[in-house]
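Before any comments, here is the structure.
The values are calculated or read from the model by the stated rules, or taken from the named source; none is laboratory data. Keep in mind the model is a prediction, meaning the values are calculated, not measured. Here the Cβ positions follow ideal geometry from the backbone for every residue, glycine too, while neighbour counts run over all protein chains shown. Please note that ligands, DNA and RNA were not included when accessible areas were found on the heavy atoms of the full protein model with its side chains. Shrake-Rupley method; radii C 1.70, N 1.55, O 1.52, S 1.80 Å.
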Amino acid sequence: MGFNMSRKICFVGGATTPFDYGPTGFESIEGGAAECIRETREDIPDFSLRDIDLMIYSHFSVHFGHQLCSEWIIHDHLGLVGVPQYRVENGGNTGGSALYAAVLAVMSGHHDVVGIVGWETMDSVTQSQGSEFIALASDIRYELMVGGIYPIYYAAMANKWMKDNNVTEEDVATIGAKNRNNAMDNPKAQWYRNEHKYITVDDVMNSRLISYPIKKYDCCLMSRGVAFALVCSEDYAKKVNPDGYVTIDGIGLSSCTIRAGDRLNFPGWTNRYGSNYPEMTEFGACRNSAEQAYKMAGINDPLKDIDFGEIHDAFSTSEAQIYKALGLADENNISQFLHDESTHMHGEIPMNPGGGLMGYGHPVGATGIMSAIECYYQLSGLIPKKHNSKKSEVPDVKCGIVNSHAGTGTSISNFIFRRH
Amino acid sequence: MSEEQVTVIKNKRKKFAEGPNFTEKKEYRPENVHETGLEFVGHEISDDGKVMNQFLHYDQLYTIRHGWNSRFFKGLLEGKIWGTRCPICGDTWVPVRTHCWNLDCNLAKTDWIEMPLKAKIHTWTIAGWSGRSSLKRLPIVLIYAVIEGSKVAIANELHCIDPWDVEFGMPLKIVFKPENERIGAVTDFHFEPDDDWSPSPTNEEKERIKKMIEPVYEWVKTMK
Ligand SMILES: [Zn+2]
């Protein structure tokens, strides 16, 4: 692909509102966006709103706010009239796709300073109605009335994956506990703000059955929240955040079928990876987008070259499936990889030190932006400032991965961030 | 006006295609569903007087026009499963594709074929929670099954089985609801174990699953 490799793309700042659900008395969406930018300016005071030459808005569903083009409300509230803007929507990968768009905008040389605002207001309807709204992103003609909610589709995929890979429910339960416990150090996280307790594998195993083999604490949270991130050229990064900026060295975006059952025998995959892949169990779009990002960033051995990640743990099972799709383990050692707690804070490659979707929350349009922000905080040494302590800081990090994921694995993006 | 000019005007008025008429129309929505349009129906103010929430109500009837996929959904009313097949590469699908997925077939239009009412489980799950409309039927065995001849799996429910007895790869038959209960949606049919299939003896895992879903049965009993 014809990337302009001479132009480095940088991530220089960002912040989220607290993520939560319910009548918490949070700011309005435009107020939340403003507060995220104010917090970013506290970290990098030389950044001015006047410098922004493109805004990209990251928002999943108008069903949750019942306001078409709510980005227009945010944009003029920020005082940015005249500045070009558009909205990106790509299911659960909306945040990742907005980040992808921002990187391309700077990479093209046409823009230098691109702001991204992501948000979702899922608490404007009941949890069960919210689940149905999200399920409208399945093929409603074939799947909405059978199964009807995403945990069920994911459970069916995970059930076979776990059998095929010799992974147990306890193995994946460690992930559900890990991410919530990581969030116990993060005051903006939904788990911190609500349940606020350390949990064990047994707690996950004993939580109520959602859809075999997935239980309540294997599932992420429905949330309200806003996030802001700033992507720019290296010249600008050196100007506003010379010591702390992070470079985005690799990007990848890939796609798979909307209905999980359609990815059996799909020629697009058979052509790339041979037969019986991704089956109904693997995330082909994750593998494919990771390969693109690795190639661009010069990553040969992801387990060695990457220090940590902020990835899309919609379910603890899918986080485990993502490990494999990212090439951190294969069918022979994924079970051992999980037993070894390789992705815990004390492990070889900590995943979701910020809490992830299960701990921090999942306000869809803001989620991928949140992951990128947490990754940036780790790489720029901001964790002690942003979290309550150094407990969730991964020491001596140079390279992190950001992952954003949609549908039943229908659209997935990956990004390689490095300390400059 | 010359004859040539008249022809031009006539052609302009000609429709691209004749629109279909809909004489056979069935409605079965509940009586209490009303399309009121957008309406503010209430508000609340927090005890400290600082924050206000407002309630917006919206109810809207949508028309899903099945268009070229119609034969599949109409077939359900008749107790048939229609699939499509590419005339070039021969790939066959349920759910249907009106154009081939193989890039080398260049979006070839596919042919309709009636599928056998036989399938095999590809993967499965036991739902202990679901959308509001399905809660009373829990636990539900939801499976992805490959209908004989199809290249892909389709999601639907598996009935007439104890949830802990489900097996990967087990043979199935497709069973339709009685004709007068069908609505032309995928819920018109479900899967059942093939007549020749019988469950394997109980084991530790089956006992564990049984225990896991016990609370679901109890919970459903308490529902009104
Ligand atoms: Zn073909």
Legend entry - Verdict on B:ASP195 being of a type in the set (Asp, Glu) and open to solvent by less than 80 Å² (accessible area, probe 1.4 Å): no
Inset, instruction - Determine, yes or no, whether A:THR174 is of a type in the set (Val, Ile, Thr) and within 10 Å of chain B (Cβ to nearest Cβ). - result: no
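Tell me the residue from A:ARG193, A:ARG224 that is in contact (Cβ under 8 Å) with a residue 24 or more places away in the chain, under 21 Å from A:THR367 (Cα atoms) and within 14 Å of chain B (Cβ to nearest Cβ), please.
Just a single option satisfies the conditions, and that option is A:ARG224.
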Inset, instruction - May I ask you to verify whether B:ASP165 is within 16 Å of the ligand (Cβ to nearest atom) and among the charged types (D, E, K, R)? - result: no
Legend entry - Number of the exception - A:LEU104 against (1) open to solvent by less than 40 Å² (accessible area, probe 1.4 Å); (2) of a type outside the set (Asp, Glu); (3) modelled with pLDDT of 95 or more: (1)
Inset, instruction - Filter the helices (runs of 4 or more DSSP H) completely within region A:234-299 down to those with at least 1 residues that are away from every other protein chain (no Cβ under 14 Å), within 25 Å of the chain's Cα centre (by Cα) and farther than 30 Å from A:ARG41 by Cβ. - result: A:284-297
Inset, instruction - Looking for whichever is in a helix (DSSP H, G or I) and away from the ligand (no atom under 16 Å from the Cβ) here; the options are B:LEU61, B:LEU135, B:LEU56. Which one fits? - result: B:LEU135
Legend entry - region B:77-87, residues that are surrounded by 14 or more Cβ atoms within 10 Å (Cβ to Cβ) and either within 16 Å of the ligand (Cβ to nearest atom) or in a strand (DSSP E or B) (or both): B:TRP82, B:GLY83, B:THR84, B:ARG85, B:CYS86
Legend entry - Which listed residue, of B:TRP124, B:TRP101, is within 11 Å of chain A (Cβ to nearest Cβ), assigned to a loop (DSSP other than H, G, I, E, B) and touching a helix residue (DSSP H, G or I) at 6+ places or on another chain (Cβ under 9 Å): B:TRP101
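Scan the helices (runs of 4 or more DSSP H) fully inside region A:110-184 and keep the ones with 3 or more residues being in contact with a strand residue (DSSP E or B) (Cβ under 7 Å, 6 or more places away or on another chain).
Of the helices (runs of 4 or more DSSP H) lying wholly inside region A:110-184, those with at least 3 residues that are in contact with a strand residue (DSSP E or B) (Cβ under 7 Å, 6 or more places away or on another chain) span A:150-165.
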Inset, instruction - Please determine, by comparing only the residues of region B:46-76 that are among the hydrophobic types (A, V, I, L, M, F, W, C) and open to solvent by 100 Å² or more (accessible area, probe 1.4 Å), which one is farthest from the other protein chains (Cβ to nearest Cβ). - result: B:TRP68
Inset, instruction - Give region A:139-171 a look and list any residue that's open to solvent by less than 10 Å² (accessible area, probe 1.4 Å) and either among the polar types (S, T, N, Q) or in contact with a His (Cβ under 6 Å, 6 or more places away or on another chain) (or both), or say none. - result: A:ASN159, A:ASN165
